[in-house]
1. Criterion first (in contact (Cβ under 8 Å) with a residue 12 or more places away in the chain and either away from chain A (no Cβ under 12 Å) or small (Gly, Ala, Ser) (or both)) does B:Arg284 satisfy it?
2. Might you let me know whether region B:97-113 holds any residue that is assigned to a helix (DSSP H, G or I), of a type outside the set (S, T, N, Q) and closer than 23 Å to B:Arg22 by Cα?
3. Restricting the search to region B:366-398, which residues are more than 14 Å from every other protein chain (Cβ to nearest Cβ), part of a loop (DSSP other than H, G, I, E, B) and not hydroxyl-bearing (Ser, Thr, Tyr)?
4. Residues that are free of Cβ contacts under 8 Å to residues at least 40 places away in the same chain and in contact with a helix residue (DSSP H, G or I) (Cβ under 8 Å, 6 or more places away or on another chain): which helices (runs of 4 or more DSSP H) entirely in region A:151-234 hold 2 or more of them?
5. Tell me which residues, restricted to region B:43-65, are crowded, with 20+ Cβ neighbours inside 10 Å and either part of a helix (DSSP H, G or I) or more than 14 Å from every other protein chain (Cβ to nearest Cβ) (or both).
6. Which of the residues that make up region B:85-96 are more than 19 Å from B:Arg264 (Cα to Cα) and surrounded by 16 or more Cβ atoms within 10 Å (Cβ to Cβ)?
7. Kindly provide the set of residues from region A:327-341 that are touching a strand residue (DSSP E or B) at 6+ places or on another chain (Cβ under 9 Å) and either surrounded by 14 or more Cβ atoms within 10 Å (Cβ to Cβ) or not acidic (Asp, Glu) (or both), ordered by number.
8. Contact list please: Cβ distance under 9 Å, first residue in region A:253-274 and touching a residue at least 60 places away in the same chain (Cβ under 8 Å) and within 9 Å of another protein chain (Cβ to nearest Cβ), second residue surrounded by fewer than 21 Cβ atoms within 10 Å (Cβ to Cβ) and of a type in the set (Gly, Ala, Ser), pairs at least six apart or on different chains.
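The numbers here are math on the coordinates, done by the rules we state, and not lab data. Being a predicted model, the structure only gives us computed values, none of them experimental. Using ideal geometry, Cβ is built from the backbone for each residue, glycine included, and neighbour counts are taken over all protein chains shown.
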Number of protein chains: 2
Amino acid sequence: MKRRDFLQRSALTAGTLAWSSRLDTFVRDLRNASAGEGPWDVVRAAFLIPGDRIYLNVGTLGPQPRVVVDAVVEHTRQVAMTLPPSTDWHALKARVGTLLNGDPEGFVFPRNTTEAMSFIANGLELQSDDEVLTTLHEHVGGLSCWELLAARRGVRLRQLELPVPAGSSEELTDVFRRALTSRTRVISVSHVTFTNGTVMPVADIAAMCRERGIICVVDGAHPPGMVRVDLRAIDADFYASSPHKWLCAPQGTGLLYMRDEWRRRLWPTLASGGWNDTSLGAHRFNHLGTLDESRLAGLDAALRLQEAIGPDVIEARIRELDAMLVARLDDIPGVRIMSPQDPSLGVGLIAFTVAGLESIELQRRLSQANVRTRVVSEYGYGWMRLSPHVYNTEGEIERVAELIAGESGGM
Amino acid sequence: MKRRDFLQRSALTAGTLAWSSRLDTFVRDLRNASAGEGPWDVVRAAFLIPGDRIYLNVGTLGPQPRVVVDAVVEHTRQVAMTLPPSTDWHALKARVGTLLNGDPEGFVFPRNTTEAMSFIANGLELQSDDEVLTTLHEHVGGLSCWELLAARRGVRLRQLELPVPAGSSEELTDVFRRALTSRTRVISVSHVTFTNGTVMPVADIAAMCRERGIICVVDGAHPPGMVRVDLRAIDADFYASSPHKWLCAPQGTGLLYMRDEWRRRLWPTLASGGWNDTSLGAHRFNHLGTLDESRLAGLDAALRLQEAIGPDVIEARIRELDAMLVARLDDIPGVRIMSPQDPSLGVGLIAFTVAGLESIELQRRLSQANVRTRVVSEYGYGWMRLSPHVYNTEGEIERVAELIAGESGGM
């Protein structure tokens, strides 16, 4: 073996071993955990969240478990040693494809959903007076790209109101169906709304779009890592996400999935070598110049942790914590839940108001008790939003409900 | 003090202390170093490059010193703890502005030069048949954005030949002057060419552009961290760079500087909240959704290390190593230097050929001796390129020259 090859290879092996052996330990501990809350205590211990801190804002940014931090740190050290590991794009795409049931060739890794959405909007050839339909529940990261096209290219942007809380999937699809015009070229919609966790019927909306030759863009910032996502079943033109939320990948890790027909056709937004080599397909969009590939090493670790716990187990746990939180909130006088309570219509992000108490003031008081939350001030909603995840304990949910009851005067 | 505030602050203080106390130690060791090569031994020890590895490719990616790795790791850990430090944009811009003599308000931090160049090209409103002049010495990261506009919008792109090696600055400016037409809207040129380290007279070219209402774009991927850069004196419309090269900032750290008139006028390429709030000026371009801000913590540490050693001391050392390398190469029969040897015309990137030996084969043989190099295969040049930096020792330069002499049959 060549000396350089040996050095390179030994560095790689050492690098990979440290975080993956930590993952092995985690899996063993998980298997050996006692029934009941035991496995969830093991999961909590895999994170670096301080013991007295209650983090209920994965909706903004997920905390990274130790294995993810380790993968990032080891990659960073190897780059600093001038021995950068090469990213195994093929394996990474295959792993994401398995989790989300998508064709591995369709994945791109931008820095976040915002960038993915700009890649989509900039890459289409929308003309003046072409119409984009979206909702009054889109995040600024999924909306701004269309606002820019409206200002720069004269595209018409219409934001539709959604029922709150939603009563049925049909009702949500109908919001779009009723708004269609002959100019509608794009429907851009969240899969799970950031405002109140409404599950939009994106497969139905995508099917409706396909019948009419409309491009369907899904802002899926939240679902991956939270609920089962089936990209082949949804069959939208584009699906954008942020694995640094519920998948707990490193900060600044995004995802973009595109249908086969777009992989050669969409114009790149950021051009580097190979931008016009359509034989590369969607991978052209991963040619972005020198990248911080430690993000991708961390994403790989995050995906493996997800696999180790089990995506369905994770979804069930999130739904269990959601239900517990909603039940406790429902008992507090003055609390009004703004999230759909039917599990097929709502998940993950629990929005509510407390009569006589501004959400921003409630947030301030909770933060004094070391509870991290989010207020949905967008569009003037003013809702308190809590987003529990697998590292939250049942005790934390109880504690937060008690704190809110105390602040509402409802205890 | 509120409990949360205390927790937040204590985490921040601890985080900042670790890497900055390492920097203090470095500064003390540097002061106490004996004369001659002593300080450079201290500098080398601040890096993680293995002792038997000779890294001569900062032109592609700089190795990160320990303080930079520490800053990244500490930031990453704090984010994982759900206690993300807030980036002090004001201080960071001031620090970069001091190093490069630019208005702090003009700086943007994309992921690399490639992205910065796309921000520029996409943000202008170039029309079909508008002409962009550039050279046959541009890097793919500074060229592709214009190729994209040519393919998508019908912009005319002309790549001009440069003299190799260049004989005078006037001759280089004249290449552009002679090529100007009534359609010329943009001149896009490297400050120091990646091919052979030619120093382009960018201040003269920018002045020529200004007289004629032409937009001057400088791809400055290399100079920051290598030589003294004076953005106010250059006075181009845009200056793009990659601090992850000679400044040894974390991989995936870019820089974009824009003149005052563009800060409100340029269209954003990636749109997030505030994209259309022109009161934010250039900072609109830092609104990119959730970012990996550990890159910026690492950039801050890299800038402080640069200040600690002294930018002029660093430039002088690079020029000293360049001169030593060129002198030794010049002694080897069959070696032909393709870089300008006048220090005002060439710096940092030493390109050459060896008669009867393909550069790619020379690279392969050097890599067997654990020497990392770059071959400039772009445009069919086929040049071997070496880029020494402050962590390289005089002994390493001697050793590499000996290896090349051995391969050339010239010993």
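1. On the way: in contact (Cβ under 8 Å) with a residue 12 or more places away in the chain: yes; either away from chain A (no Cβ under 12 Å) or small (Gly, Ala, Ser) (or both): no.
The answer is no for B:Arg284.
2. Going residue by residue through region B:97-113, those that are assigned to a helix (DSSP H, G or I) are B:97-100, B:104-106, B:113.
With of a type outside the set (S, T, N, Q) added as a condition, the list becomes B:97, B:99-100, B:104-106.
From the residues that got through so far, the ones that are closer than 23 Å to B:Arg22 by Cα too are B:99.
Yes; the residues of region B:97-113 include at least one that is assigned to a helix (DSSP H, G or I), of a type outside the set (S, T, N, Q) and closer than 23 Å to B:Arg22 by Cα.
3. Residues satisfying the conditions are B:Gly382, B:Val390.
4. Hits in region A:151-234: A:169-179, A:202-212.
5. Answer for region B:43-65, where residues must be crowded, with 20+ Cβ neighbours inside 10 Å and either part of a helix (DSSP H, G or I) or more than 14 Å from every other protein chain (Cβ to nearest Cβ) (or both): just B:Val43.
6. Applying the first criterion (more than 19 Å from B:Arg264 (Cα to Cα)) to region B:85-96 yields B:85-88, B:91-92, B:94-96.
Scanning region B:85-96 gives B:Pro85, B:Thr87, B:Leu92, B:Arg95, B:Val96.
7. Start the filter on region A:327-341 by keeping residues that are touching a strand residue (DSSP E or B) at 6+ places or on another chain (Cβ under 9 Å), which leaves A:329-330, A:332, A:334-340.
A:Leu329, A:Ile332, A:Gly334, A:Val335, A:Arg336, A:Ile337, A:Met338, A:Ser339, A:Pro340, listed by residue number.
8. A:Trp267/A:Gly123; A:Trp267/B:Ala151; A:Pro268/A:Gly123; A:Thr269/A:Gly123
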